[in-house]
Amino acid sequence: MPLTVGTAGHVDHGKTWLVRALTGKDTDRLPEEKARGISIDLGYAPLELPGGRRLSLVDVPGHERFVRTMVAGATGIDLFLLVVDAGEGARPQTHEHLAVLRLLGVRTGVVAVTKADAVDPELVELAVEEARELVPGATAVLPVSAKTGAGLDELRSALARAAEHVASTPELVHEPARLYVDRVFTLRGIGTVVTGTLWAGSVGEGDVLRAEPAGIDVRVRSVQVHDRAVERAAAGQRVALALPGVDRQALRRGDALVERGAFRPSYRLDVEFEELEPLPARATVHHGTAAIAARVVRRGRFAQLRLAAPVVAARGDRLVLRTDTTLGGGTVVDPAPPRHADPDRFDRAARGEVTVHAPVRSEDGRWRYSDAWVEELRAELEREIAAADPLDPGVPEPREPWLEEVLPRLGLERRGGKLYHAGATGSLAGREREVAELEEKLGLEPVPVADGRLARLLEEQGRLVRVGDGHAISREAYARARAAVAEECERAGSITLARFRDLLGISRRPAQLLLERLDADGVTRRIGDQRVVRRGARATRY
């Protein structure tokens, strides 16, 4: 049974280095990935295991800005390879990646405690014990070093055992074919090529599939599994399909290639949630490789998700809900349900307390939106705004076809994909003491700030500068760091991480975070192991 293993773990904990050591393939293929030294997009490689089993391996980015990409890669995997730095232990994205795996139902896997050669043996043993407590269901927790090769044979054997456990589950090869696209590109002499993990069924040369939601038929000219031509690929394999005569622009990540007549796209999903924490009225739904804005209509442990764009789903599919963080996940119980009424409004209508209004389509085919319907919509959005986080008092704008026409009648302001009261800004809402204590700690050494929305608001107010993954420094410290870079580059032409670290008198990790922020602000540009000041570097308010 073909299987796919996916990496997980915090940024800079060594996922890609470990993949390279295990497979011999560098999954960082983009120039930006090589320049920045971090993974940005999904990477793929075949992994040979003892006993002859061959897994498809998906390497995911670990940075908080690319969690959406991580979820897209994780949705098709069968087992995980969690990576934890022996010197740092579990970090924020370690926990979020674990939450995503749990919500997607990926329960089996192995933990690799990396960089074991770089820390004392006592610290390695401590990191291993902490990892066992963090992931009690892991089949193995092993210290490894991608640099020296220590522990890699043991890791391969552990992955082989985990794969045997997963392979005992029923195969999906006899179900209708379904593949979610994660890459689309063109090759000279071949044309459009798509890649993805085959969720179910099989695909072979000459097959005709339906591309949804584009609604077009595509013919498969050839099939490859990890750069090897095959007659037919089976569920669980990473595949590349050549699709002659298809415009590259017609397909994108998140689309589904399915057996014709077996599925139909739907703007609604009925979902049963495993975790019953409060859910916002709007969130992003991650299903397959797609991330789609949705309205959440909650009914006990069930909810109907009303999507901004259609998806192809099946009963039993797992999905994840996110806003700025991972909120929860569940299982699809109906992939194409009828529209359920909002419970409170329709219960009141049944009692004769209110009248339910709806858009009406006229003879010319245009929709008409009555004042009563618009007023109901406005009241609904007002309730959502009232319940929004004071730090960011807006709600995601409805991804609906009526938005452009109705928005001027709502009396709300559109900013950055959200709707706000005119002139509304974030407020600390009683958190002034917490902020004052935080500001006292700010300096050149990055300070953790767990609340991402709070950090963004304070940065907008000019009270701190965010660096790295959930950390911040003072404005004065940022200005000092920028000045140090400018002076050194004016003197020597460039600056290294080591020189920057010494100039500021800080350790390597904070220095790296500061330089990455300067890179992101367009102040510096990385060239190999050095950085130069960009010509005409744009000014910042810091």
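One table, with the values for the structure above:
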| item | result |
| --- | --- |
| Positions within region 284-320 being within 13 Å of the chain's Cα centre (by Cα), under 26 Å from residue 176 (Cβ atoms) and not in a loop (DSSP other than H, G, I, E, B), in sequence order | 285, 286, 287, 290, 291, 292, 319, 320 |
| Single condition residue 137 does not satisfy, out of (1) farther than 30 Å from residue 204 by Cα; (2) assigned to a helix (DSSP H, G or I); (3) out of contact with any helix residue (DSSP H, G or I) (no Cβ under 9 Å at 6 or more places or on another chain) | (2) |
| Single unsatisfied condition, residue 416 versus (1) closer than 26 Å to residue 279 by Cβ; (2) of a type outside the set (S, T, N, Q); (3) over 29 Å from the mean Cα position of the chain (by Cα) | (3) |
| Neighbours by Cβ (under 7 Å, 6+ apart or cross-chain): first from region 303-314, within 14 Å of residue 253 (Cα to Cα); second among the hydroxyl-bearing types (Ser, Thr, Tyr) | 310/266; 310/267; 311/266 |
| Complete set of residues in region 458-475 that are part of a loop (DSSP other than H, G, I, E, B) and closer than 17 Å to residue 519 by Cα | 468, 469 |
| Residue match in region 476-491 (condition: assigned by TED's automatic domain parsing to the domain that holds residue 523, at pLDDT 90 or above, under 29 Å from the mean Cα position of the chain (by Cα) and not in a strand (DSSP E or B)) | yes |
| Tabulated pairs, region 427-455, first within 10 Å of residue 471 (Cα to Cα) and free of Cβ contacts under 8 Å to residues at least 40 places away in the same chain, second in a helix (DSSP H, G or I) and among the hydrophobic types (A, V, I, L, M, F, W, C), C-beta under 6 angstrom, 6+ apart or interchain | 449/455 |
| Hits in region 432-442 (condition: touching a helix residue (DSSP H, G or I) at 6+ places or on another chain (Cβ under 9 Å) and either loosely packed, with under 13 Cβ neighbours inside 10 Å or assigned to a helix (DSSP H, G or I) (or both)) | 434, 435, 438, 439 |
| Of residues in region 482-503 being among the basic types (Lys, Arg) and either surrounded by fewer than 17 Cβ atoms within 10 Å (Cβ to Cβ) or without any contact (Cβ under 8 Å) to a residue 40 or more places away in the chain (or both), the one farthest from residue 532 (Cα to Cα) | 501 |
| Condition met for residue 383 (basic (Lys, Arg), in contact with a helix residue (DSSP H, G or I) (Cβ under 8 Å, 6 or more places away or on another chain), within 27 Å of residue 292 (Cα to Cα) and at pLDDT 75 or above) | no |
| Elements of type helices (runs of 4 or more DSSP H) in region 1-86, at least 2 residues being more than 13 Å from the chain's Cα centre (by Cα) and at pLDDT 85 or above | 15-23 |
| Strands (runs of 3 or more DSSP E) (entirely within region 182-283) containing at least 1 residues that are touching a Lys or Arg at 6+ places or on another chain (Cβ under 8 Å) and crowded, with 16+ Cβ neighbours inside 10 Å | 191-200, 202-204, 208-212, 216-219, 222-225, 238-243, 256-259, 266-273 |
| Single residue of region 514-532 satisfying the filter (surrounded by fewer than 17 Cβ atoms within 10 Å (Cβ to Cβ) and of a type in the set (A, V, I, L, M)) that is modelled with the lowest pLDDT | 520 |
| Residue in region 320-342 that is modelled with pLDDT of 60 or more and basic (Lys, Arg) present | yes |
| Odd one out for residue 531, checked against (1) touching a residue at least 12 places away in the same chain (Cβ under 8 Å); (2) in a helix (DSSP H, G or I) | (2) |
| Residue in region 107-126 that is touching a residue at least 40 places away in the same chain (Cβ under 8 Å) and in a helix (DSSP H, G or I) present | no |
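The values are calculated or read from the model by the stated rules, or taken from the named source; none is laboratory data. This is a predicted model, so every value here is computed, not measured. Neighbour counts are summed over all protein chains in view; Cβ atoms, including those assigned to glycine, are modelled from backbone coordinates with ideal geometry.
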